[in-house]
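Reading through the structure tokens given below for one structure.
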Amino acid sequence: MSPNAPTLLDFDPADPIALTQALIRCPSVTPMEGGALALLAAVLSAEGFNVERPIFSEPGMPDIENLYARIGNEGPVLVIAGHTDVVPPGDVVAWTRDPFAAEIVDGVLYGRGACDMKGGLAAMVAAAIRYRRENPDAPGSIAFLVTGDEEGPAVNGTVKLLTWADQRGERFDHCLLGEPTNPATMSDMIKIGRRGSLTGKLTVQGVQGHVGYPHLAQNPIRGMVRLLAGLEATPLDAGTEHFDPSNLEVTTLDVGNPATNVIPSQARAVFNVRFNDLWTPETLAAEIERRLREAAGNTVRYEITFEPTNAVAFLTQPGPFVALVADAVEAETGKRPALSTTGGTSDARFIKNYCPVVEYGVVGQTMHQIDERVATADLKTLERITRRLLTTYFATPLQS
Ligand SMILES: [Zn+2]
């Protein structure tokens, strides 16, 4: 455990605020464990969970520590997923509070990971602890699947942890992932899916030459403009019931030509598509290639490559489990949350291969920012919502 992580005796882990503070004080910037998983392991095993700490490796990458914990021997199994790693604090001097001190000022808890996602994870751990203390003979099982590699390459994290658990015979009925899903208040948003992501790299080949003698050269910028216009000419789709329209953004356009009197030889562009459930990476790549062929005609010489992607679009169909989470949020906040698929990708895209997954957590406004913070009242609300969900989930068996 890191020297500044408090010992177990300092606080009650059923207190979501104290547990969040303790986790933030563990400087677990990816790939460092920072004491965060050790703290969770100690807390959960003291409450009767069986805790495992598998370490995963990959050549050329740092080893990553992970955590799997479970209480109960029978189904249904509700798994709560999350990560303890955080992005670097950035310019520490720009922070108004020490990013790893977890200070509370006027009901706001400051620190790296406060909302993404030590706060969410701590509130859910606190809820599970209190639920099991109050219901020691509760049916079913609660599991925690926690990685230290979500903000990094995500190679030695959730994907391997899921395989590891599967090989040991662990089966999950439903998953709650505690990423920060709310834009402004705790009643805003549950995520029931995520868009996919595909990155393409486009190169147009020309012939370098003197701008005064263009007939001896061929300007690749002209071709690139045509290709990009062709890519964006018509929308990819109009969206679906639960998804916004797919969107293509050109993220960079480079020629690298410092001279004003030289026609460059090559132009390069990179674009990223966030796509909905009408597409797979393969069908989308085929459509992009078709548009490029059409725009290029016989005159533009180009090459397109796609980066490998494991970010497919997925949807957890609104059903009893989604309703149960929404009910718990509504009961504790007074407002029914929207069911959304907006934003970036998350580890839910891996978990969905094993069981239905719903994402819900604290307000994410300041994630990855200077002065990342969370309202302590929101941590308490999330603890209550999670405990209510556990209570109803294990009271009546659910069909997924
Ligand atoms: Zn996160």
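If the label point is 7 Å along Cα→Cβ of T185, which residues in region 305-341 have backbone nitrogen under 18 Å from it? Counting only backbone N, you get 326-340. The label-point distance for D98 and E74, in a model that sets each label 7 Å from Cα toward Cβ, rounds to 4.9 nm. Ranked for footprinting exposure by Cβ neighbours inside 10 Å, fewest first, Y302, Y110 give Y302, Y110. Legend: calculated FRET efficiency, T203 to D327, from the Cβ-Cβ distance at R0 = 60 Å, rounded to 0.05, equals 0.70. Using the average count of surrounding beta-carbon atoms within 10 Å as a protection proxy, the listed peptides 94-100, 134-140, 275-281 rank, highest first, as 275-281, 94-100, 134-140. Each Lys and Arg contributes +1 and each Asp and Glu -1, all at the Cβ; summed about the Cα centre of the chain, the dipole is approximately 720 debye.
Which FRET efficiency value, to the nearest 0.05, is calculated for V250 and D137 with the Förster distance at 60 angstrom and r the Cβ-Cβ distance? The formula returns an efficiency of 0.55 here. Could you tell me what percent of the DSSP beta bridges with both partners in the chain are antiparallel, to the nearest 5? If we restrict to bridges inside the chain, about 70 percent are antiparallel. Neighbours of A184, meaning other residues whose beta-carbon lies under 12 angstrom from its beta-carbon, give a summed charge of -1 when Lys and Arg score +1 and Asp and Glu score -1.
Within the shell defined by Cβ-Cβ distances under 11 Å, the residues around P27 carry a net charge of -1, with Lys and Arg each +1 and Asp and Glu each -1.
Among R70, R268, R336, R112, the ranking by other beta carbons within 10 Å of each residue's beta carbon, starting with the fewest, stands as R336, R268, R70, R112.
As a proxy for reagent exposure, T260, T345, T299, T181 were ordered by neighbouring Cβ count within 10 angstrom, fewest first; the result is T260, T299, T345, T181. When only Cα pairs below 8 angstrom with a gap of at least 6 residues are kept, region 196-306 shows a relative contact order of 43 percent.
Using 0.36 nm per residue and subtracting the Cα-Cα separation, the extra length available between L278 and A377 on full extension is 31.7 nm.
Comparing Cα centroids, region 148-165 and region 10-61 end up 15 angstrom apart. When the Gaussian network model of the chain links Cα atoms closer than 10 Å, the mean-square fluctuations of E359, E232, E65 top out at E232. Full extension of the chain segment joining T309 with A286 gains 6.8 nm, where the gain is 0.36 nm per residue of separation less the Cα-Cα distance. A cut-off under 13 angstrom between Cβ atoms defines the neighbours of M224, and their net charge, with Lys, Arg +1 and Asp, Glu -1, is +2.
The numbers here are math on the coordinates, done by the rules we state, and not lab data. Worth saying up front: this structure is predicted, and the values here are computed from it rather than measured. Don't worry about glycine lacking a Cβ; one is built from the backbone with ideal geometry, like all the others, and counts go over all protein chains shown.
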